[in-house]
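Working notes, structure below.
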Amino acid sequence: MSDERIGPPLLGGERETVRAFLDFHRATLAMKCDGLSDEDLRRQSMPPSTLSLLGLVRHMAEVERTWFRRVINGEDVPLVWSDEGDYQVAYDASASTRSDAFGAWQREVEHSRRIEEKAESLDVTGYQPRWGEQVSLRLVMLHMVHEYARHNGHADFLREGIDGTVGA
């Protein structure tokens, strides 16, 4: 996955614009991790939080997998790091490497892109079991933009704490 960020089109249609915003935020997360060692990527924020950049990457792999593969595509696949469905396991990157975490994340992003691209429209729906409701691909895409934006804010602070790098 490239960490090159391309801004969304200024006059694009709905799907093109939402897709571009999501890819922009995916690239932002990769950019926030660029040039850091595995040890730096595992460095936790401040107690009692155990949040790390690598933990965020692992978490976003789970989020991509859940919303696109499990909800929209209806795939019966376990979480990446927990067969018991415990989303918190992804945040524990203490034994993880850049290669493992980014490999899983990139595979899930590729799956997500294929699912979105083959969908007829943003009106395609899937079942969200936590809510007991059908949800549209539109909602999923917008939720993913929100999820990345929120966690990229966390990544800003984490990166600054590691080597002083600020901004995105």
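The values are calculated or read from the model by the stated rules, or taken from the named source; none is laboratory data. Computed from a prediction, not measured in an experiment: that's the story for all the values here. Ideal geometry is used to build each Cβ from the backbone, glycine not excepted, and the neighbour counts take in all protein chains shown. Just so you know, the surface numbers come from the protein's heavy atoms only, side chains and all, with ligands and any DNA or RNA stripped out. Shrake-Rupley method; radii C 1.70, N 1.55, O 1.52, S 1.80 Å.
In the range 101-111, is there at least one residue being modelled with pLDDT of 95 or more, open to solvent by 50 Å² or more (accessible area, probe 1.4 Å) and either farther than 21 Å from Val140 by Cα or of a type in the set (D, E, K, R) (or both)?
yes
Would you confirm whether or not the range 64-72 contains a residue that is out of contact with any Asp or Glu (no Cβ under 9 Å at 6 or more places or on another chain) and not β-branched (Val, Ile, Thr)?
There is no residue in the range 64-72 that is out of contact with any Asp or Glu (no Cβ under 9 Å at 6 or more places or on another chain) and not β-branched (Val, Ile, Thr).
Could you go through the range 40-63 and let me know if any residue there is surrounded by fewer than 23 Cβ atoms within 10 Å (Cβ to Cβ), of a type in the set (Ser, Thr, Tyr) and modelled with pLDDT of 95 or more.
No, the range 40-63 contains no residue that is surrounded by fewer than 23 Cβ atoms within 10 Å (Cβ to Cβ), of a type in the set (Ser, Thr, Tyr) and modelled with pLDDT of 95 or more.
Select the helices (runs of 4 or more DSSP H) contained entirely in the range 1-108, then report the ones holding at least 3 residues which are among the β-branched types (Val, Ile, Thr). Before the answer, list the steps.
Working: elements: 14-33, 38-42, 53-64.
So the answer is 14-33.
Results for (1) in contact (Cβ under 8 Å) with a residue 24 or more places away in the chain; (2) touching a Cys at 6+ places or on another chain (Cβ under 6 Å); (3) within 14 Å of Asn73 (Cα to Cα); (4) not acidic (Asp, Glu), shown as yes or no for each residue.
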position	(1), (2), (3), (4)
Ser96	yes, no, no, yes
Ser99	no, no, no, yes
Ser112	yes, no, yes, yes
Leu122	yes, no, yes, yes
Trp131	no, no, no, yes
Gln134	no, no, yes, yes
Glu147	yes, no, no, no
His151	yes, no, no, yes
Phe157	yes, no, no, yes
